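Structure first, commentary second.
The values are calculated or read from the model by the stated rules, or taken from the named source; none is laboratory data. It should be emphasised that the depicted structure is a prediction, and the values quoted were computed from it without experimental measurement. In this analysis, Cβ positions are derived from the backbone assuming ideal geometry, glycine residues included, and neighbour counts consider all displayed protein chains. Note: accessible area is taken over every heavy atom of the protein model, side chains too, but ligands, DNA and RNA are not part of it. Shrake-Rupley method; radii C 1.70, N 1.55, O 1.52, S 1.80 Å.
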Amino acid sequence: VSSPASRERLGLLLGFIGMVIFGGTLPATRIAVAEIDPIALTSLRTAIAGVCSLALLLVLRRPLPPRALWRQLVIAMLCVAVLFPLLMSMGMQRVDASHGGVVLGVLPIATALVAVAITHERPRPLFWIASITGAALVIAFSLRQGGGTFSTGDLLLFAAVVVSAIGYAFSGRLTSHMPGWEVISWILVIGLPLSIPAAALTMPHDVGQIALKPWLGLLYVALFSQWIGFFAWNAGLAM
C-alpha cells in the first residue's frame, strides 16, 4: 500500500501534468478566436469533447452517476464547460496570450481557496501567505499593464478564474465518488443537450474560408483543454 506521502507526491505530479496541458489553452484559444466567434468556439469545443466522452463511457459501459451527484455535476458543467471557456475566449480577443497567462496564473490559487471553503480544510499559514502573495502579484501586474485600471480583457479573465475555480473544486469533490476521467466525461455528456444545438446554431458559415491553424486551436482546446487535461488534474485533486 502506498504511503500518504507518496500518494500526495503523485497527486502533485498529476496536478502539474494537468496544468502543463492547460498551459496550451490560451495560445490555442488566441489562435482560434482570430477566425471563430467565442460563442461558436465554446459550443464546438464542448460538443466535440462531449461526444468523445459519451463514446468512451459507452465503450467502457460505465453506469449513470447516482442521482445525488447530479446537482454537483451540473454546477461543474456550467462552470468548466460553458462559462469558463466563453469568458476566457472573450478575454483572449482583447489581450495577448502571454498577458492572459499571467492573469490565469491565479487560477490554481483560486481553486485551492474554493476547495478550502467547500471541504472545510484548515491549511497551514504558509498556504495563505503564498496564496495572498501570488494573487497580489497578478493584480499588480494587471493594473500596471492597464495603466492603473483593469482592462475589459482582465475583468473577463478574472471572471473566468472565479467560475473555473468553482467548477474545479466541485470536480475534485466528485472524484471521491468516481475516477477523475469519469467525472469530466459525465460533466461533458450532461452538457451535450446544450452544446450540440449551440454548436449547430453558431457554426461559422464560411467554414471553408477558415485557415488550418484556428481549426487546430479548436481541436486542442476541445480534446486536451476541455477533456484529457482533466484526467490528470482531477486525479491529482483527488489525491
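Details
- Translational diffusion of the range 109-186, µm² s⁻¹ [Kirkwood Rh, Cα pairs; Stokes-Einstein; 37 °C; 0.692 mPa s]: 231 µm²/s
- Rounded accessible area of VAL33 (nearest 10 Å², 1.4 Å probe): 20 Å²
- Taking all protein chains together and a 1.4 Å probe, the residues TRP70, TRP227 rank TRP70, TRP227 from largest to smallest accessible area.
- From the coordinates shown, Rg and Dmax of the Cα atoms in Å corresponds to which of (1) 19.6, 61; (2) 17.6, 52; (3) 17.8, 56: (3)
- Placing +1 on each Lys and Arg Cβ and -1 on each Asp and Glu Cβ, with no other charges, gives the range 1-142 a dipole about its Cα centre of roughly 520 debye.
- Look at the Cα gyration tensor of the range 69-148: its axes a ≥ b ≥ c give a/c of at least 1.5 with a/b at or below b/c, and that counts as oblate.
- Per-residue ellipticity at 222 nm from helix content only, as computed over the chain with -39500 (n - 2.57) for each DSSP H run of at least four residues, stands at -23000 deg cm²/dmol.
- Cα-based shape type of the range 1-62, given that a ≥ b ≥ c are square roots of the gyration tensor eigenvalues and the cut on a/c is 1.5: oblate
- For the range 127-132, 3J(HN,Hα) computed residue by residue from phi via the Karplus equation (6.51, -1.76, 1.60; θ = phi - 60°) reads 4, 5, 4, 5, 5, 5 Hz, glycine and proline entered as x.
- Compactness relative to 2.2 N^0.38 Å, alpha carbon Rg of the range 150-239: 1.30
- Peptide ranges 12-25, 77-90, 56-69, 194-207 listed from the most packed, as the mean C-beta count within 10 angstrom indicates: 77-90, 12-25, 194-207, 56-69
- Cα Rg, Dmax, the range 87-221, angstrom units: 17.9, 55
- Using the 1.4 Å probe convention, the accessible area of the chain works out to 51 Å² per residue with neighbouring protein chains retained.
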